[in-house]
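All remarks here apply to the structure that follows.
Values in this text are rule-based calculations from the coordinates and carry no lab data. Remember, it's a predicted structure, so these values are computed and weren't measured experimentally. Every residue, glycine as well, gets a Cβ built from its backbone with ideal geometry; the counts of neighbours run over all protein chains shown.
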There are 4 protein chains.
Amino acid sequence: MMIIMKSDATPTQVERVVERIEAMGLSARLFQESEATVIGAIGETRNGSMDTFDGLDGVDTVRRVTHPYKLASRQFHPADSIFSVGGFTVGGEEIAVIAGPCSVESRSQIVETAQAVKEAGASALRGGVFKPRTSPYAFQGLGEEGLEFLAEAREKTGLPIVSEILSQTQLDLMVRYVDVLQIGARNMQNFSLLRAIGETRTPVLLKRGLSATIEELLMAAEYILAGGNRQVILCERGIRTFETTTRNTTDINAIPVLKDLTHLPVILDPSHATGHADYVSSVARAAIGAGADGLIVEVHLHPDAAVSDGKQSLRPEKFSEMIRQIGQIARVLNRRLASAEASAPALAGG
Amino acid sequence: MMIIMKSDATPTQVERVVERIEAMGLSARLFQESEATVIGAIGETRNGSMDTFDGLDGVDTVRRVTHPYKLASRQFHPADSIFSVGGFTVGGEEIAVIAGPCSVESRSQIVETAQAVKEAGASALRGGVFKPRTSPYAFQGLGEEGLEFLAEAREKTGLPIVSEILSQTQLDLMVRYVDVLQIGARNMQNFSLLRAIGETRTPVLLKRGLSATIEELLMAAEYILAGGNRQVILCERGIRTFETTTRNTTDINAIPVLKDLTHLPVILDPSHATGHADYVSSVARAAIGAGADGLIVEVHLHPDAAVSDGKQSLRPEKFSEMIRQIGQIARVLNRRLASAEASAPALAGG
Amino acid sequence: MMIIMKSDATPTQVERVVERIEAMGLSARLFQESEATVIGAIGETRNGSMDTFDGLDGVDTVRRVTHPYKLASRQFHPADSIFSVGGFTVGGEEIAVIAGPCSVESRSQIVETAQAVKEAGASALRGGVFKPRTSPYAFQGLGEEGLEFLAEAREKTGLPIVSEILSQTQLDLMVRYVDVLQIGARNMQNFSLLRAIGETRTPVLLKRGLSATIEELLMAAEYILAGGNRQVILCERGIRTFETTTRNTTDINAIPVLKDLTHLPVILDPSHATGHADYVSSVARAAIGAGADGLIVEVHLHPDAAVSDGKQSLRPEKFSEMIRQIGQIARVLNRRLASAEASAPALAGG
Amino acid sequence: MMIIMKSDATPTQVERVVERIEAMGLSARLFQESEATVIGAIGETRNGSMDTFDGLDGVDTVRRVTHPYKLASRQFHPADSIFSVGGFTVGGEEIAVIAGPCSVESRSQIVETAQAVKEAGASALRGGVFKPRTSPYAFQGLGEEGLEFLAEAREKTGLPIVSEILSQTQLDLMVRYVDVLQIGARNMQNFSLLRAIGETRTPVLLKRGLSATIEELLMAAEYILAGGNRQVILCERGIRTFETTTRNTTDINAIPVLKDLTHLPVILDPSHATGHADYVSSVARAAIGAGADGLIVEVHLHPDAAVSDGKQSLRPEKFSEMIRQIGQIARVLNRRLASAEASAPALAGG
């Protein structure tokens, strides 16, 4: 149960609601929203308990939230969350396409890739500088130098940058550089990191864990939201199953399910979800067809020479063709590509 | 390795190829295709072994088939298999939509449903008369009476009928009635049944097992193909994973992967793959976006009163809206709905 | 809810119970047990509904069975089911060890293997004559000839024989030869086959499907029990997961869970559950430690030359060492090896 | 390939080996072992490449290590790693039993529990003070206060303490208090944390991730070993599968597989692996039967009142009975309980 106070509710009115929640054996949790105070009643609620708060002084609305995630739930926030990320909006009619290499490898690589994906119609640039590698002996990323290269690419193309954070110790550095903090699948339940990021106001791209349920993904988002950071984009990136033909199994069901359960924007990563460049475009089209709010795609100028994930990276030409197709599918669903719509090729015969 | 003989190859020429295969320590297997004899060399082949057959009398083409499935492989049969099923074609430009109730419940139910799905644009009618139920105490289907009702629905609407077979003992009966024999997920590796169906010439809809790999699905198809029945449609229907929000997890990757590995048509069942009517249309759009050749969808006039699978069945109105959207997505990929294209609404702004 | 009638209950008394069940909106199902008629009330029961039958004429006991499986449930049959299989008992204090090759390959192979496993302490002989092979081009078993070889091995060693049935069409043949009908993982939900076997009175070894839940395994057993065949042994044989180091993942939890939920005997197949001879003995010891009622183990005289499953087959010496260890662990749990106890080596230092 | 230098090898000799490795296109990595320098050659090695180093000045032994994990591999370190943890040894003949509550709740709770598990025969005390909870609104642990309570329990019982670390920011605090740092399943691939812990010399208990493969678990251990911390205990705690009867699926195969692949000690957590107190003892016996080096078990004085994991916690009496049985199974495998052997009851009839 979530009790949304009126914008002019007094501290005393808030306090009275809290007292009444606690008298019911529940615990109260206050969230300072931009418009008003919201009070969450955490615990098992009984039938009729909502009536207790209706008409209480200072109370605007009472909403039943039956899920363990509260702020993330569409029951609490029925309308889609739409927010701006460096020049485009996520979660509304626009389809966001974040593209770029797995790893930032050099200044020229990231700048040239940024120009290529911008031209093809991407809305943002991705590139890893801290890499979560299975082996301690593998390339671990360029670190801060890589962030500087990303910043330069942003300056040259205007594309906002998205990069993965691995540890709280990198947080101060990362927020100085990036437009969107990416939390990778392996850190989806790194609760200390989630909590720390919840304290910032940098938008977040939260990837689903390899074997996380949809509910666990929403609970991870709740950690960030509860800290006051409300700009969270969820990302389906394939789950681990028995099937080994592809790197992961794209849980396409997760798109409509998440859109049903939460107001947060939902995108899909067809590169990790398939692990093969040959299948990326098909799965990207599927995602947009299913109602995703965007994509994050690995693009590399020379996939064969990539230091990581070359096998699943698209060449710019292939990426450009993919963008064209998803733009057309977006139109079937009354949506459009975020930034590149103006230059997108018209629908064949349209 | 598959050796395709010339259409006028003599038995002696065939025999010489077989001898040479066996001399290499492999086993030979003959398939009588409509055009020519094809000889499969089963076992581990060495580099250069294909050259042995090039230029041999009577040999037309030699193809390297590295997969354990041979006849199902696109290496053996590079072009898409396209075949006709009661009035429409599967596997080409046309998108097939098979729709109807989980179970045939009564004459009026199936006839009225057939009319409704026909009107919405379906290409074929589905309905189970032998039901594989987890519980021995649950409704097990109407049996032959149900087949008569299906036949009547076909007569009234012109829609070909698709129904599931559970056992070899039902085979004679089923082939007298149905246009397409459906093999359910639980029977995908019922090798005796596959072999028996391989002896018929009735088209087959083969569903992927709950935890079958893509390779196992193709090996199951190979059992049917090896018997001489080449009209096999593959169907992704969701796999079993740890995720419990949905009934199964739609492996959307399987669509492009199967289209890559095999020449057989590939469709998707969004009803079983999600288990919730609310998510069926999204996943149907995803399937067509990903390149599927069709769909099989559960439609019920009164889902709440259905004897089985009501939760995942679409009402006709919802189904009709779904058809409209997938028709538009099909056009983006230069395809069209199988039979109902004429009456499909034009693409908005098209 | 299960209503157990008195042994001298009259048909009229039975009928009155049935009427009352149906009046409650449930469906009644009669089972003729050796001692008495049992009536199952299938459907959602309400609190207090059991009282309706207490004290009714002819009613002996009423048991609440909350699971969808009824006859298989320990709620219905609190005591362990113990039954005799060709000379030893399953489900009681004795630990059954069924051993032998994956496939019967020749007369000498099976006879010699039978002698070797008998000497090591096995209680029964396994050997497949109809093989469920993923590929249609792989060895499919010797068929009836193999059954004759098995029968000869039984005659020479006294070991009862266990062999897999793939299809209803093999049923008449199989029941003439085998002591225990094995239903393989791939056929666990071949409901037509289960139903047909339920009509026989031959003991059954029912293997869990690759991705079957424990509840589904019990529902499959229910199909057989409902037909009147009450001698069903359940077998955990590993499930399919993301882990690929081993062929399957042994769900060792299934042993205590099944012993808790059902009265049927439960054994484990460490050969398929691991897929590697090196790991078979460890997992066999684990199974007995966990409380399993027995094992089914693949043993081959020359694993390298086996036509199937050589990699996971134990040599007789290794099998003999395994038997010695599990005999000792059985004693810790106050149990003993079924037939070979007399010749089992004493516990070290015992 | 791992090149173990002689203990008196000179820096020049080491350098020459490194040069030769790099000349082969591989990268060299130096590890300072207590006895000698070890040089790892990372990358794809060719046949015959080992010979290059044989007989080179200063080279003692060359070992082929084909796995991606090097220091963790039994190919590199053939003998079992045995190390001392606060009074008992892990990895040798002794079976370690770590027991205690999920969360430290109060001073009296942890001290009394410590006394109870000590009396029953435990070798170490567990108790969480930083809890990784799915919900941000759930109890998150007592933090440093809890560590003080643990230290007091250690003082009173002599049991070393094991507690989970969630973040690098807790590292300084944790190493001051605990005898063993536990890394939970959700942090198994928190590479920053692994790396930081690798720099300490506190023994580590590394739990397998919910969906981590055995190879990934060993790679995670490699991160710690590569930092110079060689006291790593691996822990199977159940994996996530489709089965929902139990909280997780115990991968019992992992015990013999890990004992085969690595020299590190391997224990099992039957509490998380099953999630039900009723099944814990069975699975604990299975683990010891399979060859595990120990157990970590949740014990609570009043499971119904536990703030977390009550459902899967054993009462002390049940734990005591479990210890008795595993002690007997250990003897079958020529092992014994770590510290409590003296007071362990003799084997019945022994």
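For the stretch A:169-273, a/c is not less than 1.5, where a ≥ b ≥ c are the root eigenvalues of the C-alpha gyration tensor, and a/b tops b/c. That puts it in the prolate class. For A:Phe83, inter-copy separations between label points set 7 Å beyond Cα along the Cβ vector come to 4.3, 5.4, 6.3 nm, shortest first. With the cut-off at 1.5 for a/c, could you classify the protein assembly as shown from its C-alpha gyration tensor as rounded, prolate or oblate? Verdict is rounded for the protein assembly as shown. Taking the charge dipole of chain C about its Cα centre, with +1 at Lys and Arg Cβ atoms and -1 at Asp and Glu Cβ atoms, the residue from C:Ser192, C:Val299, C:Leu261 reaching farthest to the positive side is C:Val299. Dividing the helix sum by the residues of chain B, where each DSSP H run of 4 or more adds -39500 (n - 2.57), gives a mean residue ellipticity at 222 nm of -10000 deg cm²/dmol. Once C-alpha pairs closer than 8 Å and six or more residues apart are averaged by separation and normalised to the residue number of chain A, the relative contact order reads 16 percent. Within the set C:Lys156/D:Lys259; C:Lys259/D:Lys156; C:Lys131/D:Lys207; A:Lys311/D:Lys131; D:Lys156/D:Lys207, which residue pairs have Cα atoms separated by over 31 Å? From the list (C:Lys156/D:Lys259; C:Lys259/D:Lys156; C:Lys131/D:Lys207; A:Lys311/D:Lys131; D:Lys156/D:Lys207), the Cα-Cα distance tops 31 Å for C:Lys156/D:Lys259; C:Lys259/D:Lys156; C:Lys131/D:Lys207; A:Lys311/D:Lys131.
Seen against the Cα atoms of chain D and their longest principal axis, helix D:144-157 is set at about 80 degrees. Of all lysines in the structure, the ones whose alpha carbon falls short of 16 Å from that of A:Lys318, not counting any fewer than 8 places away in one chain, are A:Lys118.
With its label point defined 7 Å out from Cα along the Cα-to-Cβ axis, D:His302 lies at 5.5, 6.9, 6.9 nm from the matching points of the other copies, in increasing order.
Take B:Arg201, move 7 Å from Cα toward the beta carbon, and the resulting point lies 4.8, 7.5, 8.2 nm from the same point in each other copy, nearest first. Fewest neighbouring Cβ atoms within 10 Å first, the residues B:Ile95, C:Ile183 line up as C:Ile183, B:Ile95. Peptide C:129-139 has a mean shielding of 6, counted as Cβ atoms of other protein chains within 10 Å of each residue's Cβ.
Within the listed set B:Ala305, B:Ala28, B:Ala185, the Gaussian network model of chain B (springs between alpha-carbon atoms below 10 Å) gives the highest mean-square fluctuation for B:Ala305. Mean per-residue shielding of peptide A:330-338 is 3, counting Cβ atoms of other chains within 10 Å of each Cβ.
Chain A residue nearest by beta-carbon to the axis mapping A to D, with distance in Å: A:Ser211, 2. When the convex hull of its Cα atoms is viewed from all sides, chain A shows a mean projected area of 19.1 nm².
Relative contact order for the stretch C:145-253: 20 percent, from Cα pairs under 8 Å spaced at least 6 residues apart, divided by residue count. Compute the separation of the alpha-carbon centres of the stretch C:230-283 and the stretch D:53-109 and state it in Å as a whole number. One Cα centre to the other: 29 Å.
Counting pairs of alpha carbon atoms under 8 Å apart in space and at least six apart in sequence, what relative contact order in percent does the stretch A:192-314 give? Averaging sequence separation for qualifying contacts and normalising by length gives 20 percent for the stretch A:192-314.
Would you order B:Tyr69, D:Tyr177 from fewest to most other beta-carbon atoms within 10 Å of each residue's own beta-carbon?
Result, fewest neighbours first: D:Tyr177, B:Tyr69.
Based on DSSP, what percent of beta bridges with both residues in the protein assembly as shown are antiparallel, to the nearest 5?
Taking every DSSP beta bridge within the protein assembly as shown, about 40 percent pair in antiparallel fashion.
Listing D:Phe83, C:Phe88 from fewest to most neighbouring C-beta atoms within 10 Å gives D:Phe83, C:Phe88.
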